[in-house]
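The next block holds one structure in the form of structure tokens; read it before the comments.
The values are calculated or read from the model by the stated rules, or taken from the named source; none is laboratory data. Note that the structure is predicted; figures quoted are calculated from it, not measured. Using ideal geometry, Cβ is built from the backbone for each residue, glycine included, and neighbour counts are taken over all protein chains shown.
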Amino acid sequence: MREFTVMFHSVNEIAQFATIANRQPFPVHFNYKDSRLDAKSILSLCALPLQTPVSVELPDRAADGSFLSDIAQFLCDPDA
């Protein structure tokens, strides 16, 4: 598994991320506080804070694909 840190500044950004995540054939999860949230679930997205770094967990095979370039605008460290 690979982890990346993202931050959202608006509900619209969370919706954009969800759209991208839902196009992926692999699981995408947020690790926030002590919870693991499904990034493809609207209920999970309601639990995310704005203006706070959140960890995204991806399978190793996903870290090399276009997903990272698609979510680059949300990454806290785009060069990671």
For this session: Give the residue that is farthest from ALA72 (Cα to Cα), with candidates limited to residues of the range 24-44 that are charged (D, E, K, R) and surrounded by 14 or more Cβ atoms within 10 Å (Cβ to Cβ).
Result: ASP38
For this session: Scan the range 51-71 for residues that are touching a residue at least 60 places away in the same chain (Cβ under 8 Å) and farther than 15 Å from ILE14 by Cβ and jot them down.
Result: ALA62, ALA63, LEU68
Problem set entry | Answer residue from the range 1-43, given it is over 13 Å from VAL56 (Cα atoms) and charged (D, E, K, R) and is nearest to the chain's Cα centre (by Cα) among those | GLU13
Seminar exercise, completed: Going through the range 26-43 in order, the residues found to be without any contact (Cβ under 8 Å) to a residue 24 or more places away in the chain and either of a type in the set (Gly, Ala, Ser) or farther than 16 Å from ARG2 by Cβ (or both) are TYR32, LYS33, ASP34, SER35, LEU37, ASP38, ALA39, LYS40, SER41, LEU43
For this session: Give the range 37-56 a look and list any residue that's over 11 Å from ASN22 (Cβ atoms) and either assigned to a loop (DSSP other than H, G, I, E, B) or of a type outside the set (A, V, I, L, M) (or both), or say none.
Result: SER44, CYS46, ALA47, LEU48, PRO49, LEU50, GLN51, THR52, PRO53, SER55
Exercise. So which of ALA47, ALA21, ALA15 is surrounded by 11 or more Cβ atoms within 10 Å (Cβ to Cβ) and modelled with pLDDT under 90?
Worked result: ALA47
